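See below for the structure under consideration.
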Amino acid sequence: AGDSQAQTKKFVPNYDESKIPSYELPPALAFQNGDSVTTAEEWGKRRAETLRLFEEHVFGIMPDHRRIQVKLVRSDKDFRPGVTRHELDVSILPLEASSEIAPLVVQVLADVPQSATPVPAILGLNFQGNHTVDEDPKLRIPTSWVRDRRDGSTDGNKAIEKGRGVASSRWPSSMITDRGYAMITVYYGDIDPDFDDGFKNGVHGLMPAFIASLPEEHRPGSIAGWAYGLSCVLDAIEQTESLNVDAAQVGVLGHSRLGKTSLWAGATDPRFGMVISNDSGCGGAAISRRAIGETVGRINTSFPHWFCDAYLQYNENESASPVDQHQLIALSAPRAIAVGSATEDEWADPKGEFLAWQAAAPVYELLGMPAEDAKVVRDASMLTEQSVLNAGPMQYHLREGKHDLADYDWECYLDLGDRALQSKSP
Ligand code: GCU
């Protein structure tokens, strides 16, 4: 798990714009055979082609179906005035009927503002366990693998009491519910542990025959597994009326590796009404061809289990890839998309995230984004201080500070939700 420092010691990131190799982005609006895409209908076909390219070259292939069962574990009606805190168990069932594999149980935490009508929600994976979101002693502690934090908040790879609340700054539940949204979160390690386990544990372990049937280079990495888990959680939201969450108004959010994951979840599951990438960087929102900060070669060395093996071909060879990350963003069109960066997060290449966001706009425009909004995106240049660009369903913001998920990021995302998500409710 984590960085294999020995292997990557020699990597020296480039941060000098003048040393970026010259590159051309693959056109979002042209088929692989060169034909251009000029109608929404043609985009439908190009979208399918693009999705397939990302599956085969970047993330790997997951099944197109899921089987789940939901159990409501507790509903704490007085958790905060006007807010109910629910805990659910979502069992993801083995896909292969004959198998004797036990279901994978994923614990879901949902803080839902009480309302006469179903509310919109933000669903995001967390890094350390649902119990790290705040100090509520009733929150269950994950029993699955956790990263050893070496700060006393874990006991080796086990989550413990001391971890309660340690990630609370990233999960401002009151702010979110005060604005009328449910906050729904799941520990990512419940879905798939974050290390190379040869497809044994987590969701991958539920589908050995499916994985064995794939060419080795297209077998799904962890990001594809986590995204699949997010779809299972959305299935559960749909099926659990008593949650009172409107499944058609769920934004999927993720920070960093989990931002790469939210982009892929938004691409593979069009039910997500809004897609949010926070500091997702390499393999997420940042243009790979810039090779600034973290590169494809470096990420494949440090985290070989995140992507499929075909992605290795693009180590120090980004321009050979048939896709770049603006196309990942475009796969969310015409739904609301937010890309957030931070000034001190050079490793994730804020400018590359901005440029990918900008290069996705032609797809949004083709699908009906008003011309004046498209112009705002086209004419924008990279922000230099904390601010936000809003153009219809597209939002980009830059926060002052480090690689993190902070209140300002949430405020931007909820603002976009107010415009793009809540306005869609009947
Ligand atoms: C590392 C990795 C990034 C990733 C980040 C995170 O820094 O290189 O690609 O986004 O971890 O998930 O925190």
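Mind checking which aspartates and glutamates have their C-alpha under 17 Å from LYS375, skipping anything on the same chain fewer than 8 residues away?
GLU365
Any chance you could run the full-extension gain for GLU135 through VAL73? It's 0.36 nm times the residue separation minus the Cα-Cα distance, nm to one decimal. Could you put the intermediate results ahead of the total?
On the way: separation 62, 0.36 × 62 = 22.32 nm, distance 1.85 nm.
Stretched out fully, the GLU135 to VAL73 stretch lengthens by 20.5 nm.
Is the range 1-111 rounded, prolate or oblate when judged by the Cα gyration tensor, a ≥ b ≥ c being the square roots of its eigenvalues, rounded requiring a/c under 1.5 and prolate requiring a/b larger than b/c? All intermediate terms of the calculation are to be shown ahead of the outcome.
Numbers: a/c = 1.92, a/b = 1.53, b/c = 1.26.
It comes out prolate by the Cα gyration axes.
Nearest 5 percent is fine: what portion of the DSSP beta bridges confined to the range 216-374 is antiparallel?
On the way: 0 of 10 bridges.
Once the DSSP bridges in the range 216-374 are tallied, antiparallel ones form about 0 percent.
What is the spin-label model distance, in nm, from ILE160 to LEU29 if the labels are put 7 Å beyond Cα along the C-beta direction?
Taking the two extended label points, one gets 5.7 nm.
Could you tell me which residue out of TYR408, PRO27, LEU72 lies farthest along the dipole of the chain toward its positive end? Charges go on the beta carbon: Lys and Arg +1, Asp and Glu -1, centred on the Cα centre.
LEU72
Provide the packing ranking of 106-114, 319-327, i.e. peptides ordered by the mean count of other C-beta atoms within 10 Å per residue, highest first.
Details: 106-114: 22.7, 319-327: 20.8.
Per-residue Cβ counts within 10 Å, averaged per peptide and sorted highest first, yield 106-114, 319-327.
Using every pair of alpha-carbon atoms in the range 317-375, split the distances into 10 Å bins beginning at 0 and state the percent of pairs per bin, rounded to integers.
22, 47, 27, 4
Cross-link partners among lysines for LYS77, C-alpha distance below 28 Å, same-chain residues fewer than 8 apart left out?
Those lysines meeting the cut-off are LYS138, LYS162, LYS424.
Take each of the peptides 378-387, 242-251, 78-87, 227-236, average the number of other beta-carbon atoms within 10 Å over its residues, and list them starting from the highest.
Descending packing order for the listed peptides: 227-236, 242-251, 78-87, 378-387.
Mind giving me the FRET efficiency for GLU411 and ASN315? R0 is 25 Å, r the Cβ-Cβ distance, nearest 0.05 is fine. Provide the component values of the computation, followed by the final result.
Numbers: r = 38 Å, r/R0 = 1.51.
Here the calculated transfer efficiency is 0.10.
If packing is taken as the mean number of other Cβ atoms within 10 Å per residue, what is the order of 13-20, 308-315, 202-209, highest first? Provide the component values of the computation, followed by the final result.
Values: 13-20: 10.6, 308-315: 18.5, 202-209: 21.4.
Ranking, from highest mean packing down: 202-209, 308-315, 13-20.
Using a Förster distance of 41 Å, how high is the FRET efficiency between ARG419 and GLU344, based on the Cβ-Cβ distance and rounded to 0.05?
Working: r = 28 Å, r/R0 = 0.69.
With R0 = 41 Å, the Cβ-Cβ based efficiency is 0.90.
I want to make sure I understand the PRE zone here: with the label point 7 angstrom from the Cα of ASP197 toward its beta carbon, which residues in the range 118-161 have backbone N atoms less than 19 Å away?
125-131, 141-149, 154-160
How much space per residue, in cubic angstrom, does the convex hull of the C-alpha atoms of the range 181-317 take up? Mind dumping the intermediate values first?
On the way: hull volume 15.3 nm³, N = 137.
Taking the convex hull of the Cα positions in the range 181-317, it is 112 Å³ per residue.
Ratio of alpha-carbon Rg to the 2.2 N^0.38 Å globular estimate for the chain, to two decimals, please. Show your work: numbers first, answer last.
Numbers: Rg = 20.4 Å, N = 426, 2.2 N^0.38 = 22.0 Å.
Rg over 2.2 N^0.38 Å, computed on Cα atoms: 0.93.
Check each of the chymotrypsin sites (Phe, Trp or Tyr not before Pro) in the range 341-376 and keep only those in coil by DSSP with at most 14 other C-beta atoms within 10 angstrom; list them in order. Working shown, then result.
Details: sites: TRP347, PHE354, TRP357, TYR364; in loops: none.
Sparse-neighbourhood loop chymotrypsin sites (Phe, Trp or Tyr not before Pro): none present.
Bear in mind these aren't lab numbers, they're just calculated from the coordinates by the rules spelled out. Worth saying up front: this structure is predicted, and the values here are computed from it rather than measured. Methodologically, a virtual Cβ is constructed for each residue, glycine included, from the backbone with ideal geometry; neighbour enumeration extends over all protein chains shown.
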